[in-house]
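Read the structure below first, then the notes.
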Amino acid sequence: TTTGKDVTRASVIAWGRGGKGMLKTTRGNLATFKLGIPWGTLPINFKHAVEICRRLGIGFLWIDALCIVQDDD
């Protein structure tokens, strides 16, 4: 229960280093990803995470590989 305050729910998924070819944000695709990441390009585990969050009413999902630029020094 809440005490009349707005509650923001979020989920975080932190993956290991990932394999070669894993979808991730880089300096090269950052501008494109800011516009949107097509559903069809997401790996199945990312899709499952999005679907679970939607079903649970969680409005925000943080996936390290997508939310942190991976080749930024």
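The values are calculated or read from the model by the stated rules, or taken from the named source; none is laboratory data. For clarity, every value in this text was computed on a predicted model and none was experimentally measured. FYI the Cβ positions are ideal-geometry reconstructions off the backbone, even for glycines, and counts take in every protein chain you see. Each accessible area value is taken on the protein alone, full model and side chains, heavy atoms only, with ligands, DNA and RNA left out. Shrake-Rupley method; radii C 1.70, N 1.55, O 1.52, S 1.80 Å.
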Which residues' amide hydrogens lie under 5 Å from the amide hydrogen of Ser11, considering only partners 5 or more residues apart or on another chain, with H built in the peptide plane? Phe60, Leu61, Trp62
Given R₀ = 30 Å, FRET efficiency for Asp73-Leu35 by Cβ-Cβ distance, to 0.05? 0.80
Top to bottom by accessible area (1.4 Å), largest first, where do Leu56, Leu35, Leu30, Leu42 land? Leu35, Leu56, Leu30, Leu42
